[in-house]
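Here is the structure we will look at, set down as structure tokens.
Any read-out appearing in this document is the output of simple, stated calculations on the displayed coordinates, not a laboratory observation. Bear in mind that the values here come from a model prediction, so they are computed numbers and not experimental data. Here the Cβ positions follow ideal geometry from the backbone for every residue, glycine too, while neighbour counts run over all protein chains shown.
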Amino acid sequence: MKTETKKLPKSQLEITFELTAEEFKEHMQHALEHLKSHVKVDGFRPGKAPSSMVEGKLKPEALLMEAGDHAVRHVYTDYIKESKLEPVGNPEVSIIKIAQGSPFVFKAVITVLPEVELPDYKEIASKIKVKDVSVTDQEVQDALNYLQKSRAKMSLKNDVAAKGDFVEITYQNKDINGGKDIDDQFILGEGGFMKGFEDAIAGMKAGDEKEFKAIFPENSPQKNIAGKEGNFKVKVKSVQKMELPEINDEFAKQLGAFETLTALKASMKEGMTVEKIEEEKQKNRAEILDKVAEKAKFEMPEAMVEYEKQRLLEDLKNKVTNNMKLTFEQYLAAVKKTEAEIKDTFQKEAEKRLRGFLVLRQLGKAENIEVSGEELDEEMTKVLKNYSKEQLAKIDINELKEYTKGVIYNEKVFQKLESFAK
């Protein structure tokens, strides 16, 4: 078999395969054996008739197409493995020449992971310094206040709503959720609503209805309403008074194995410190990767960018449905854009994510990072403990294994980069 490889732009390869007539004959035989079971020959059970009789029943083009399909699948797969190429997605295959008793020629255009030229990543990583983190007493107190509110005693209030009360409302706005009712509940004054919205609810009782104007936030995901004034119709369903428990030793005991409030605060401070250290670590990792990726050189594979853009689009669809309570069609109508236009807005983000992925992968290669079978098995044991039998029956274990392997690999790469900063 002859092969010829031609490099194309955007990290693509065009590979031409030419099988001799004798080599293609083997695939013709495989095709004939496969088609036997689909051909009825009088006097023989399906699949048991002589090949010569089966072949006489088949249309020549049907046998050729089956043989060509068999040849493409097996020849292409074997070549990719032997050449250690890393194609992305399925190949674009075109058959150039196919005939019985003649050479078989086909082309496959594939997108491959590009070669990445790394900058001096050790020097870049060495300049990123991890900051010391600390948790203030005020931060601990704020966290305690949150816990206090979460354990408040609630009682219906017949009086007007005031800041600090827990309210349940239904509201409408023509630009949100297609103008349909939206139910919500929150602590008045702490609901995080737009300017003027919660102030307008203060003074209303359960059952009261009111129409008013409020200004949408500048960072609204719906660009057509960001920073603009909107008309709202609100009905208060209930008002509840919140009786907050006193923050003392008794409060601490109710939260777990804490004998005193001092012990609770110490535990909270320790946990919050760990969280802050993790946040700082992730921030520094992102900074190192961004700076290395910024100076790395490679050809951006368009097929991978398109895949990432589609993934980001699907994420947006889920957020619109789950968070904004809109159909995606309603969202498109609100922002006055087509799905294709929305997808194109993800170009830069898709390229950034892909650049990070490719650079991280190349860093691992440069540092000979590997994930051993023992490491993978150990982590898989931990991961699988989080799944019930019902969940395990629904997931693809091999896919989960590959994902877990990637997580371990990336962690080891980042740990290596962090070692250069010490």
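Residue-wise HN-Hα couplings along region 205-220, as the Karplus relation 6.51 cos²θ - 1.76 cosθ + 1.60 with θ = phi - 60° gives them from phi, are 9, 4, x, 5, 10, 7, 10, 7, 10, 8, 9, 5, x, 5, 9, 4 Hz; Gly and Pro carry x. Only the Cβ atoms of Lys and Arg (+1) and of Asp and Glu (-1) were treated as charged; on that basis the dipole of region 153-243 about its Cα centre amounts to roughly 120 debye. For residue 295 and residue 420, FRET efficiency with R0 = 22 Å and r from the beta-carbon atoms, rounded to 0.05? Using R0 = 22 Å, I get an efficiency of 0.90. Dipole orientation for the chain: of the candidates 135, 90, 298, 90 has the Cα lying most toward the positive pole (charges on Cβ; Lys, Arg +1; Asp, Glu -1). Annotation: amide H-H contacts under 5 Å for residue 299 (H modelled 1.01 Å from N, sequence separation of 5 or more, or interchain): 115.
Shape summary: the chain maps onto an equivalent ellipsoid whose semi-axes, from the alpha-carbon gyration tensor, are 59, 32, 24 Å in decreasing order. About the Cα centre of region 252-411, how large is the charge dipole given +1 on each Lys and Arg Cβ and -1 on each Asp and Glu Cβ? Please answer in debye to the nearest 20. For this selection, approximately 620 debye.
May I ask you to list the trypsin sites (Lys or Arg not before Pro) in region 358-421 that are in a DSSP loop and have at most 15 other Cβ atoms within 10 Å of their Cβ?
Passing both the DSSP loop test and the Cβ count: 385.
Residue separation of residue 174 and residue 335 scaled by 0.36 nm, minus their Cα-Cα distance, works out to 56.6 nm of gained length.
For residue 14, what charge total do you get from the other residues with a beta carbon under 14 Å from its beta carbon, if Lys and Arg give +1 and Asp and Glu give -1? Net local charge, residue 14 excluded: +1.
Could you tally the net charge around residue 262, taking each other residue with its Cβ under 15 Å from the Cβ of residue 262, Lys/Arg +1 and Asp/Glu -1?
-2
Across region 155-163, computed HN-Hα scalar couplings (Karplus, 6.51 cos²θ - 1.76 cosθ + 1.60, θ = phi - 60°) run 9, 4, 10, 8, 7, 6, 6, 10, 4 Hz from first to last residue, x flagging Gly and Pro.
Could you compute the FRET efficiency for residue 262 and residue 83, with r as their C-beta to C-beta distance and R0 at 60 Å, rounded to 0.05? If you can, show how the numbers build up before the last one.
Values: r = 66 Å, r/R0 = 1.10.
Efficiency for this residue pair is about 0.35.
In order along region 270-278, phi translates into HN-Hα couplings of 5, x, 5, 5, 4, 4, 5, 4, 5 Hz, rounded to whole numbers, per the Karplus curve 6.51 cos²θ - 1.76 cosθ + 1.60 with θ = phi - 60° and x for Gly and Pro.
Charges were assigned to the Cβ only: +1 to each Lys and Arg, -1 to each Asp and Glu. The resulting dipole of the chain about its Cα centre is roughly 680 debye.
For the chain, the 222 nm mean residue ellipticity estimated from helices alone, with every DSSP H stretch of n ≥ 4 adding -39500 (n - 2.57) and the total spread over all residues, rounds to -16000 deg cm²/dmol.
Among the trypsin sites (Lys or Arg not before Pro) found in region 58-94, those both in a DSSP coil and sparsely packed, with 10 or fewer other Cβ atoms within 10 Å of their Cβ, are 84. Of the GluC sites (Glu not before Pro) in region 334-400, the ones in a loop by DSSP (not H, G, I, E or B) with at most 12 other beta carbons within 10 Å are 370. Charge tally around residue 133: other residues with Cβ under 9 Å, Lys/Arg +1 each, Asp/Glu -1 each, net -1.
Between the beta carbons of residue 390 and residue 280, assuming R0 = 35 Å, the FRET efficiency works out to 0.35 to the nearest 0.05.
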